Amino acid sequence: MSYGTPIYKTRADWLAAKNRHVLLFAMSGLGKTYLSSMLRAGGRWFHYSIDYRIGTRYMGEYIADNFKSEAMKVPFLRELLLQDAVYIASNITFDNLAPLSTYLGKPGSSQKGGLPFEEYMLRQDQHRRAETAALLDTTHFIRRARAIYDIPHFICDTGGSICEVVDPEDPKDPILSELAAHNLMIWIEGSDAHTDELVRRFDRAPKPMYYQPQFLERKWVEYRVARGLKEEEVDPDDFVRWTYRQALEHRQPRYAAMARNWGITLKAEQLVTVRDEQDFIQLVASALPK
């Protein structure tokens with residue numbers, strides 16, 4: 001950890017702390033939400049989900065309006081909506097973020113459920129701004145957890161795209177500076193086997209996700225040139241499948257830089273041994289300097 005002043009300088013500082021604040025970052029699917037939910041269930045940890053905050057506070061209106069736009073295409077629902085006879089809202093949860101990913105969508109042929117690339121990029125930018133705001137809300141929720149609920153410990157469960165909205169090599173990055181000042185930043189590092197499994201899982205059920213704009217625009221052109229396709233001919237699922245592993249490879253060095261400059265690293269396989277709060281505390285302690 002080379003940037004800023006670490007919130008826990010040594011193993012002893014961490015073990016003696018009355019209030020522990022951690023932030024987890026990693027590829028989606030490596031156990032951030034599982035671990036956060038397990039700690040929350042014990043009653044002593046406040047679980048702050050960045051994706052949940054994005055989907056409710058910052059993009060909830062976009063999501064609901066998208067639902068309403070689709071409902072207006074159905075004559076029966078259209079009449080009820082115009083009469084204010086029905087209420088349409090997102091039922092997003094920590095464990096089910098489908099309303100957010102559905103709104104983000106995938107670019108390509110409208111006949112196959114895709115979005116025009118311009119609209120897709122607009123939604124990507126909405127997500128970038130929402131994610132930035134949600135990350136900067138973390139300190140507020142640390143205070144809120146203690147002031148309102150009297151919960152001593154705090155865990156921030158970030159989305160896989162955190163590394164796309166920060167510059168981990170900038171010691172003055174405003175987001176990372178704020179987060180590291182109040183949390184122990186922990187990278188859950190996956191192995192090549194984990195990456196292969198995530199790719200297989202994604203191939204079975206490709207889902208929308210956020211990409212760094214420059215990376216996305218480059219891959220959009222590369223894909224269409226390789227396939228010889230116009231924008232309206234692109235199969236949305238085929239494009240995101242083709243892009244996914246490359247996106248993971250793009251993110252890996254950014255995660256590593258975040259851990260090197262701003263935090264510590266835990267191996268994903270180490271989390272298998274974590275069964276309760278004490279296991280987690282001891283595992284984190286083992287990664288801190290003596």
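The values are calculated or read from the model by the stated rules, or taken from the named source; none is laboratory data. Small disclaimer: the values here were computed from a predicted structure and weren't measured. Glycine gets a Cβ as well: all are built from the backbone with ideal geometry, and neighbour counts include every protein chain shown. Note: accessible area is taken over every heavy atom of the protein model, side chains too, but ligands, DNA and RNA are not part of it. Shrake-Rupley method; radii C 1.70, N 1.55, O 1.52, S 1.80 Å.
The table for this structure:
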| quantity | calculated |
| --- | --- |
| The range 119-246 - percent of accessible surface contributed by carbon and sulfur, probe 1.4 Å | 49 |
| Unit charges at the beta carbon, dipole of the range 36-186: most positive-side option, 55, 141, 88 | 88 |
| Most to least packed among 81-91, 209-219 [average Cβ atoms within 10 Å] | 209-219, 81-91 |
| Sites matching GluC sites (Glu not before Pro) across the range 138-187 that sit in DSSP coil, with at most 11 neighbouring C-beta atoms within 10 Å | none |
| For residue 189, residues with placed amide H under 5 Å, excluding near neighbours | 266, 267, 268 |
| At R0 = 22 Å, FRET efficiency that the Cβ-Cβ distance of residue 252 and residue 285 yields, to 0.05 | 0.25 |
| For residue 46, distant residues with modelled amide H under 5 Å away | 153, 154, 155 |
| Those trypsin sites (Lys or Arg not before Pro) in the range 44-93 that DSSP places in a loop and that have at most 16 other beta carbons within 10 Å | 44, 73 |
| The range 1-44 shape via C-alpha gyration tensor axes, a/c threshold 1.5 | oblate |
| Residue-wise HN-Hα coupling along the range 152-162, computed from phi with Karplus coefficients 6.51, -1.76, 1.60 (Hz; x: Gly, Pro) | x, 10, 9, 10, 9, 9, 8, x, x, 8, 3 |
| Sequence ranges 266-275, 143-152, ranked by mean other-Cβ count within 10 angstrom, highest first | 266-275, 143-152 |
| The chain, accessible area per residue, ligands and nucleic acids excluded (1.4 Å, Å²) | 49 |
| For the range 63-152: rounded, prolate or oblate by the Cα gyration tensor [a/c cutoff 1.5] | oblate |
| Subset of 172/230; 68/112; 9/32; 32/73; 68/267; 172/219 violating a 32 Å alpha-carbon distance limit | 172/230; 32/73; 68/267 |
| Anisotropy class of the range 20-60 from Cα gyration tensor, a/c 1.5 cut | oblate |
| Spatial separation of Cα centroids for the range 164-188 and the range 86-148, in angstrom | 21 |
| Burial order of peptide ranges 94-104, 179-189 (average beta-carbon count within 10 Å, highest first) | 179-189, 94-104 |
| Part-to-part distance (alpha-carbon centres) for the range 253-279 and the range 1-66, which is given in Å | 12 |
| Amide H within-cut-off set for residue 106, under 5 Å, with H built and near neighbours excluded | 115 |
| Matching label, Rg/Rh (Cα atoms, Kirkwood Rh) computed from the structure shown, candidates (i) 0.95; (ii) 1.00; (iii) 1.16 | (ii) |
